[in-house]
1. Taking the Cβ-Cβ separation of HIS48 and LEU303 as r and a Förster radius of 30 Å, what is the calculated FRET efficiency to the nearest 0.05?
2. Based solely on its DSSP helices, what 222 nm [θ] is calculated for the chain when runs of n ≥ 4 H residues each add -39,500 (n - 2.57) and the sum is averaged over all residues, nearest 500 deg cm²/dmol?
3. If I stretch the segment between LYS196 and GLU71 completely, what's the gain in nm (0.36 nm per residue apart, minus their alpha carbon distance), one decimal?
4. Can you tell me the length gained on complete extension of the stretch GLN123 to ASP86, counting 0.36 nm per residue apart and subtracting the Cα distance?
5. Can you give me the Cα centroid spacing of segment 195-230 and segment 249-320 in angstrom?
6. Accessible area of the chain with a 1.4 Å probe: how many percent of it is carbon plus sulfur?
7. Exceeding 26 Å between C-alpha atoms, which entries from my cross-link table qualify? They are LYS224/LYS325; LYS20/LYS59; LYS250/LYS325; LYS31/LYS196.
8. Which one, SER272, TYR297, SER223, is farthest towards the positive end of the dipole of segment 169-311 when Lys and Arg carry +1 and Asp and Glu -1 on their Cβ?
Amino acid sequence: MDKRIHKTDKKVILYPGLVKRLIEKGMDALKAKDGAAALEFFLSAEEHEPDHPQVLFGKMLSLVELGRLHEAVEHTSELLKEGIGDYYDNLQVHISLLVQLGQYQDVVDILDAVLSENKVPAQYAESFYQLLHFSRQMAGDQEWLAQQETEPEGVPEDILHMLDSRSPELQMQAILQLKKLPDVEATKALADFLQKPEQDLALSSMALLALQEKEYEQPIHISKVDREAVVIPARLVEPFESPFGKELLKQLDQELEQESPQLLEFARQLCSAHLFALFPFLPEPEDAGLWTAVFHYCASERLAGEEELERMAERYAISARTLAKKAAEVNQLERLVYQVNPVYTGNENP
């Protein structure tokens with residue numbers, strides 16, 4: 001750790017606004033996807049204000065960015081027990097981490113208790129009920145899923161049945177299991193899944209990225225939202241690794257970072273979900289400025305409840321008609337996707 005920000009350096013302790021500055025640096029590091037640097041800043045801030053909600057929340061986000069999910073979930077558990085920060089924000093993150101770790105029974109136990117009190121704010125209730133339903137299903141399946149992981153060869157029949165089921169949750173779990181299996185039959189199952197008509201858009205993207213990771217070199221025919229292409233999965237570029245994706249995120253940051261971090265985060269989430277659902281296609285036209293306006297408008301409309309179309313169109317120097325049309329496309333695509341995990345984060349986990 002940099003000795004210049006160590007708690008024993010009295011000159012630094014006297015510097016006004018030190019903790020606020022460390023928090024800002026930590027958030028900047030998180031936006032740059034530098035989890036290690038972010039954690040250093042938040043740990044330094046914690047030395048001075050150990051109970052500061054933003055410091056503790058930032059520390060948890062840093063652990064998530066570093067993939068240290070077990071430590072992160074222990075941290076959110078402490079935040080909940082100590083009553084630090086917003087309870088339901090912390091609970092939402094805690095539950096999300098437990099789901100990622102496959103601790104479905106813990107999710108069921110927690111949400112059963114929380115929801116039984118009938119005090120959950122409306123903006124969290126629907127999400128919690130969906131997670132409870134999903135976790136109940138998965139908790140019942142964990143025993144045989146564990147048995148499948150011990151299979152020495154081939155693809156367990158149960159995974160193939162999950163992939164062929166009508167349950168998006170089970171299909172998602174099957175894709176994740178097939179992604180881990182080195183067997184040729186696992187790769188074939190993913191390729192066959194993509195050739196079947198009317199598959200969920202997000203699940204198709206997940207399967208395609210799994211084949212990309214397996215360096216699958218055979219052509220695959222992809223059809224999504226009236227668009228078709230034959231692609232080689234191994235040669236595909238992930239949505240936010242493309243020049244368009246990078247420029248889109250850059251412009252969203254430039255427009256919204258200072259205006260409202262919350263609005264920026266929501267706009268990025270909408271953007272991520274849209275690009276992930278379309279993958280391997282990109283939004284048309286490939287105009288980052290236009291789509292910055294679209295996701296800004298959609299996020300503002302949802303967070304604030306209303307947004308002036310003409311004002312937003314004027315800000316970005318585009319026609320209100322075009323903006324309205326593209327915003328409608330975002331909403332329509334969202335309705336087509338069963339949002340098992342609606343926010344694309346890269347490698348299934350910008």
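1. Working: r = 32 Å, r/R0 = 1.08.
E between HIS48 and LEU303, to the nearest 0.05, is 0.40.
2. Details: 17 runs with 233 residues, N = 350.
Taken over the chain, the calculation gives -21500 deg cm²/dmol.
3. Values: separation 125, 0.36 × 125 = 45.00 nm, distance 4.00 nm.
Fully extending the segment from LYS196 to GLU71 adds 41.0 nm.
4. Details: separation 37, 0.36 × 37 = 13.32 nm, distance 1.36 nm.
Working it through step by step, the gained length comes to 12.0 nm.
5. 26 Å
6. Numbers: 9280 of 18950 Å².
About 49 percent, which is the carbon plus sulfur part of the accessible surface.
7. On the way: LYS224/LYS325 19 Å; LYS20/LYS59 14 Å; LYS250/LYS325 23 Å; LYS31/LYS196 38 Å.
From LYS224/LYS325; LYS20/LYS59; LYS250/LYS325; LYS31/LYS196, over 26 Å: LYS31/LYS196.
8. So the residue furthest toward the plus end is SER223.
The values are calculated or read from the model by the stated rules, or taken from the named source; none is laboratory data. Since the model is a prediction, treat every value here as computed from it, not as a measurement. Glycine also receives a Cβ, built like all others from the backbone with ideal geometry; neighbour counts cover every protein chain displayed. Accessible surface areas use protein heavy atoms only, side chains included; no ligands, DNA or RNA. Shrake-Rupley method; radii C 1.70, N 1.55, O 1.52, S 1.80 Å.
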